[in-house]
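Undergrad: The structure follows.
The values are calculated or read from the model by the stated rules, or taken from the named source; none is laboratory data. Please read all numbers here as calculations on a predicted model, not as lab measurements. Positions of Cβ are generated from backbone atoms using ideal geometry, with glycine treated the same way; all protein chains shown enter the neighbour counts. Ligands, DNA and RNA are stripped out before the accessible areas are found, and what is left, the full protein with its side chains, is counted by its heavy atoms. Shrake-Rupley method; radii C 1.70, N 1.55, O 1.52, S 1.80 Å.
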Amino acid sequence: FFFGAMSTSFPLNGEPQPTAIGRAVAVQLLVLVALSVGLLSHLHAQAAVGHWNPVGIRPIVQSAAAAKTAKTGRLAPLPGSLQQASIPLPVPQRAELTGDVRHTAEVVESFQTPNRMWPFGALLTAIITAAVWAMYPKPQAASQTEKTNGGVSRRQWLQTAAAGSCAAALADSPASANGLVVFPPEKLNNIYILMRAGEGQIESTGIIRTNPVLATNINANGLTFKGRQQVIQGLEAIRRLGLEDEVVWIWPSITARCYQSAEILAKGLGVGQNRLVPEYVYLNARAFGSYENQPISKVAEVYAQDSLDPSIRPPRYTDGTPNESVKDVFVRGVQLISKLEAQYYGVTVILVAPDSDNLSILQAGLTGVDLRQHYQLAYAPGEARVVNLTPFNLEGQEDA
């Protein structure tokens with residue numbers, strides 16, 4: 001029907017409109033015939049598996065019980081010896097029987113007769129489809145006169161209309177996705193507040209624990225009393241920015257202390273739970289591999305390697321703790337910012353991470369600082385910083 005409509009609207013090669021209309025009607029009739037043949041083939045196939053039984057087509061399974069059911073409308077009981085028996089159909093004729101039709105060891109009709117319709121229907125449909133394709137005239141190249149006098153072919157008209165529609169749709173979206181954000185970005189669509197969660201139970205022990213298996217364990221990774229106080233201090237600094245609650249989104253890591261910190265921020269800033277979005281991957285704490293379960297002072301050895309080459313990973317550990325380089329964490333940060341830039345426009349996003357490295361590497365990448373020196377931008381627990389590469393200004397940004 002689409003081909004017919006297009007033929008009616010666009011007469012080819014200067015032919016009169018009645019000719020185009022006649023061709024359109026012929027094409028539509030042929031398409032209708034092809035669809036009818038396909039439908040008949042489908043109905044015969046349905047009859048072959050017992051789902052449809054028009055007048056004149058015998059059901060596949062006939063039995064005394066089925067015959068009685070057809071007459072009385074009630075399901076007749078099977079013989080006692082067959083009540084619990086499972087009688088499979090012959091392997092070449094196996095089919096699923098639905099509805100109230102039950103079978104016994106009596107007569108099972110052959111599937112050969114209805115199956116003959118499938119090759120016939122497929123062949124006839126293919127022939128009619130080929131005829132439709134052959135009858136439909138192919139647009140010829142425009143003559144030199146048409147090219148010089150501004151004539152536009154149907155294909156050119158369609159391509160121009162489609163391109164115009166796509167361009168208009170993309171122009172209406174200020175946050176259209178352009179792939180990954182190039183770091184360091186010259187400008188961003190949103191303002192980002194980078195905040196480290198308050199001190200957690202594991203952090204208070206002074207031991208390196210970065211295996212994500214304990215990330216959501218509140219008893220092991222929840223906020224301490226000191227950690228809550230640190231989050232409240234960060235909240236006060238963010239309040240001084242004068243944010244409007246309707247344009248604030250909070251994205252915490254799923255780590256327990258991060259989500260608890262985000263809940264404190266949401267309550268203090270008047271942000272609803274619908275704008276508190278847990279992040280499952282990109283904000284995970286940097287994993288230190290074989291330094292797992294060692295004193296926190298050992299992190300200095302990792303930073304010494306970072307200053308030489310941001311692609312150096314800590315040694316692997318036997319318990320499966322990941323070992324990430326600075327570039328590994330940086331890639332996560334690029335993916336997160338790219339996702340947020342495509343999803344939001346003109347809002348403030350608060351990112352709550354469980355560790356300092358996540359944020360210091362992200363800040364270095366956003367502001368053009370050498371990644372090898374990221375540790376010089378270390379975040380204290382509860383500390384928040386603003387990265388504003390937008391034309392918008394915030395009140396009290398210098399204070400934060």
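Undergrad: Simple spin-label model, 7 Å along Cα-to-Cβ: residue 225 to residue 274 in nm?
TA: Here the answer is 3.8 nm between the modelled labels.
Undergrad: As an exercise, use a Förster radius of 22 Å and the Cβ-Cβ distance of residue 244 and residue 187 to find the FRET efficiency, rounded to the nearest 0.05.
TA: 0.55
Undergrad: Let me ask something else. Hey, if you put +1 on the Cβ of every Lys and Arg and -1 on every Asp and Glu Cβ in the range 191-386, which of 337, 308, 260 ends up farthest toward the positive end of that dipole?
TA: Farthest towards the positive end: 260.
Undergrad: Within a Cβ distance under 13 Å of residue 356, other residues only, what is the Lys/Arg minus Asp/Glu net charge?
TA: Within the 13 Å Cβ shell, the charges total -3.
Undergrad: A further question on this structure: PRE reach from residue 378 (point 7 Å along Cα→Cβ): which of the range 304-322 fall under 17 Å by backbone N?
TA: The answer is 304-308.
Undergrad: For the charge dipole of the range 191-386, defined by +1 on Lys and Arg C-beta atoms and -1 on Asp and Glu C-beta atoms about the Cα centroid, which residue among 195, 224, 367 has the Cα displaced farthest towards the positive pole?
TA: After comparing all options, I get 224.
Undergrad: Label the range 223-317 by shape, choosing from rounded, prolate and oblate, from the square roots a ≥ b ≥ c of the eigenvalues of the Cα gyration tensor; if a/c is under 1.5 it is rounded, and otherwise prolate applies when a/b is larger than b/c, oblate when it is not.
TA: Prolate.
Undergrad: When all protein chains stay in place, what accessible area (Å², nearest 10, 1.4 Å probe) is found for residue 275?
TA: 40 Å²
Undergrad: Next question. Please give the solvent-accessible surface of residue 180 in Å², to the nearest 10, using a probe radius of 1.4 Å with every protein chain present.
TA: 120 Å²
Undergrad: Summarise the accessible area of the range 191-386 (1.4 Å probe, protein heavy atoms) by the percent that is carbon and sulfur.
TA: Carbon-and-sulfur percentage of accessible area, whole number: 52.
Undergrad: Which pairs in the list 298/327; 267/298; 226/327; 187/226; 267/327 are over 30 Å apart, alpha-carbon to alpha-carbon? Numbers along the way, then the final one.
TA: Numbers: 298/327 20 Å; 267/298 37 Å; 226/327 32 Å; 187/226 37 Å; 267/327 35 Å.
In this structure, 267/298; 226/327; 187/226; 267/327 lie more than 30 Å apart at Cα.
Undergrad: Could you calculate the contour length gain from residue 32 to residue 298, that is, 0.36 nm times the residue separation minus the distance between their Cα atoms, to one decimal place in nm? Could you put the intermediate results ahead of the total?
TA: Working: separation 266, 0.36 × 266 = 95.76 nm, distance 7.67 nm.
Computed gain between residue 32 and residue 298 is 88.1 nm.
Undergrad: Then there's this: What dipole magnitude, in Debye to the nearest 20, does the range 191-386 give about its Cα centre under +1 on Lys/Arg Cβ and -1 on Asp/Glu Cβ?
TA: Details: 18 positive and 20 negative charges, 34 e Å.
So the magnitude is around 160 debye.
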